[in-house]
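Notes follow the structure.
All of the numbers you see were taken from the coordinates with simple rules; none came from a lab. All figures in this text were calculated on a predicted structure; none of them were measured in a lab. Cβ: placed from backbone, ideal geometry, glycine included. Neighbour counts: every protein chain shown.
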């Protein structure tokens, strides 16, 4: 029986470790040997996806963080709103882009990592929504070993949906409508399964792969997706659906790839004792906390931080909690103390820079606003000097420039572009960059940025806003307001159930 990537992370000792490889940063309380094996498998998975999709093997500009938890109780420390039986979830937030996973959550992690990878990859980011979801499901069932990967496996939940539900989502709907326009019940029941089956039918047969290339090229050039699938397959939709049902009934095969690769270089460090109390709580604060959960989250952080009064990590988490949920003055005092200990603490500088910008937004006097913005930019300049490759610093710097009458100039666009290159998965950066491009009359570039969000099914509010931005760009109209985009950018993703 195949064992899941995270199934063995159940040591009784709670000591958080951090493993870093070329593409991943993984946090775990499990034994170091098993943590290393997990990261090796992730690196191999990344390799086979890039190989199959003919993508560059170059390392991304930002590594992907994953937090492994041992059980649902730990998952709920970071994500108390987690639905029952959730195995893992992906969070693209302003302050971090990361995943949480527990035992049984490997399917979700591989699914979401494919999204994380594909949205950063030029032409893949513009694929139709059904195909992106189908590919994510196709690769999520990979059986990964160090020198061998088997693709084409099946997920029990997917097979159950396809065999127990008589009425599949119509191919006309799957192919022809945006995910946000499709009935939510249809998406929940057979959208993903049918998208997976059609993708599997194409991907697992080399003689059919040219159909996919032709389909992508034609749709990318503006072709109708429903007509195009019939042209490239030589089948009408009714015949194609019969073919898929026949394929499901005994024709699904596995494809094994063997190769020789040097093991990934992995560095493992043990985190300070404060991480045992505060690591997951710290990630909790980077997710939008609902109003009813704020008091408890703040109390939990205060209590945990009190056990580590002079610890820099505890001060950082406490300062973040106070700024986000509690006493802003107390938060500033905590972060100021931290900066006395660590003057180049990037996250503390970002938090204070953002706080000054938020204060500027609450003022009505323009000169008073500019004074706050200058303070904000002073903190952010220090953060940039400490680490010029952090996407959040660049995003905040670009946002502070919106008070200038010369915004957006070429330097502003370059700042947005740098933030985007580092975190293309973050909707807030895409929206901010696209808005600046539209203000600079660079509408075609804005459309490219918005297309992946408009095609995505997990965040309907964001998808609808992205489509509005596309429509406005095509019509030469002004972009949506900052206020509207801020509202949808804070929308949390709908978790994919890995049970």
Rounded to 10°, Cα long-axis angle of helix 410-422 versus longest principal axis of the chain:
60
Label-point gap, in nm, between residue 409 and residue 341 - each point 7 angstrom along Cα→Cβ
4.0
Nearest-0.05 FRET efficiency for residue 206 and residue 15, computed from C-beta distance (R0 56 Å)
0.75
Using alpha-carbon coordinates, inclination of helix 443-455 to the longest axis of the chain, degrees:
70
Stokes-Einstein D in µm²/s, Kirkwood radius over Cα pairs - region 424-499 at 25 °C with 0.890 mPa s viscosity
199
Set the Förster distance to 35 Å, then compute FRET efficiency between residue 249 and residue 483 from the Cβ-Cβ distance, nearest 0.05.
0.10
Of every Cα-Cα pair in region 116-206, the percentage lying beyond 23 Å is 26
Can you give me the angle between helix 32-52 and the longest principal axis of the chain, using Cα atoms only, in degrees from 0 to 90, rounded to the nearest 10?
60
Unit-weight point scatterers at every alpha-carbon of region 276-413, Debye formula, q = 0.16, 0.19, 0.22 1/Å: log10 I(q)/I(0) is -0.85, -1.12, -1.33
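Find the percent of Cα-Cα distances in region 358-499 that exceed 27 Å, and round it to a whole number.
On the way: 2339 of 10011 pairs.
Here the tail beyond 27 Å accounts for 23 percent of pairs.
Two decimals, Cα atoms only, Kirkwood Rh: what is Rg/Rh over region 75-125? Mind showing how you got there, number by number?
Details: Rg = 12.1 Å, Rh = 11.8 Å.
For region 75-125, the value is 1.02.
Rounded to a whole number, what is D in µm²/s for region 148-256 from Stokes-Einstein with the Kirkwood radius over alpha-carbon pairs (4 °C, 1.567 mPa s)?
Diffusion coefficient, whole number: 88 µm²/s.
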When the Debye formula is applied to the Cα atoms of the chain, each taken as the same point scatterer, what base-10 log of I(q)/I(0) results at q = 0.06, 0.08, 0.09 Å⁻¹?
-0.29, -0.52, -0.66
Can you grab the distance from the C-alpha centre of region 118-136 to the C-alpha centre of region 225-303, Å, no decimals?
13
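Just subtract the alpha-carbon distance of residue 273 and residue 178 from 0.36 nm times their residue separation and send over the number in nm, one decimal. It would help to have the intermediate numbers written out before the result.
Numbers: separation 95, 0.36 × 95 = 34.20 nm, distance 4.76 nm.
Fully extending the segment from residue 273 to residue 178 adds 29.4 nm.
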Inter-site label distance for residue 143 and residue 363 at 7 Å from Cα along Cβ, in nm
6.4
Estimate the FRET efficiency between residue 166 and residue 474 by the formula 1/(1 + (r/R0)^6), using the beta-carbon distance for r and 45 Å for R0, to the nearest 0.05.
0.65
Extent of region 1-125 along each principal axis, from alpha carbon coordinates, in Å, largest to smallest?
43, 31, 30
Quick one: Debye curve from the alpha-carbon atoms of region 285-343 only, equal weights, vacuum; give me log10 I(q)/I(0) at q = 0.12, 0.21, 0.25, 0.29 Å⁻¹ to two decimals.
-0.25, -0.74, -0.99, -1.22
Label-point separation, residue 51 to residue 256 (7 Å along Cα→Cβ), nm:
1.4
For every helix of n ≥ 4 consecutive DSSP H residues, a contribution of -39,500 (n - 2.57) applies; sum these over the chain, divide by its total residues, and give [θ] at 222 nm rounded to the nearest 500 deg cm²/dmol.
-17500 deg cm²/dmol
